[in-house]
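Some notes on the structure that comes next.
Where a number appears in this text, it was derived from the coordinates with a stated rule and is not lab data. Owing to the predicted nature of the structure, the values given are computational and were not obtained by experimental measurement. Please note: Cβ atoms are built from the backbone with ideal geometry, for glycine as well, and neighbour counts cover all protein chains shown.
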Amino acid sequence: MPRPVCMMWWEWAALRGWPGGVAMTCLNCHREIAESSNFCYFCGARQTVASARPAGPPKRLMRSSTNNKLAGICGGLGEYMDADPTIVRLVLVLIVFFTGIFPGVVAYLLGWIIIPLAPGPAVASSAVQATQAPQHS
């Protein structure tokens with residue numbers, strides 16, 4: 001079995017099926033390779049298929065305005081990484097516990113200052129809500 005020539009970490013993650021790693025199939029050797037590959041790293045064939053990436057704007061790291069406990073740092077990281085914010089909070093607590101209180105708290109405070117707050121959910125105005133309210137007779 002030939003070994004891959006060179007793989008980046010996200011290509012390796014794609015082959016393992018990890019979150020963040022998206023795989024496609026090589027048209028020549030029919031093995032799974034990372035979606036962003038221009039060449040197959042097993043057989044070297046050029047990949048001509050256009051990627052099926054969504055045409056939306058790129059993700060931005062922002063503090064969550066809806067899923068927050070203190071400043072929305074962990075909620076925003078969870079939304080950015082498509083992970084459960086509770087898991088992100090637990091990892092942050094473990095990092096703070098094992099590295100000492102000071103580095104984790106400083107990192108959280110820096111995130112609070114540097115990462116922008118996401119806009120809140122859209123709320124309909126009271127005039128629009130009054131016209132859409134059901135009429136009881």
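Amide H contacts of ILE33: MET24, THR25, CYS26, each under 5 Å away and 5 or more positions distant or on a separate chain (H built 1.01 Å from N in the peptide plane; Pro and chain starts excluded). Full extension of the segment from LYS69 to THR86, taken as 0.36 nm per residue of separation minus the current Cα-Cα distance, would add 5.1 nm. What's the local net charge at TYR108, with K and R +1, D and E -1, over the other residues with C-beta under 15 Å away? Residues close to TYR108 contribute a combined charge of +3. Ordered by the number of other Cβ atoms lying within 10 Å of each residue's own Cβ, fewest first, VAL123, VAL105 fall into the sequence VAL123, VAL105. Each Lys and Arg Cβ is given +1 and each Asp and Glu Cβ -1; about its Cα centre, segment 57-119 then shows a dipole of about 120 debye. Counting charges near ALA118 (Lys, Arg +1; Asp, Glu -1) among other residues having Cβ under 10 Å from its Cβ returns a value of +1. Net charge near ALA71, counting Lys/Arg +1 and Asp/Glu -1 over other residues with Cβ under 13 Å of its Cβ? Net of charged neighbours comes to +3. With a Förster radius of 25 Å applied to the beta-carbon distance between LEU110 and ARG60, the computed FRET efficiency rounds to 0.90.
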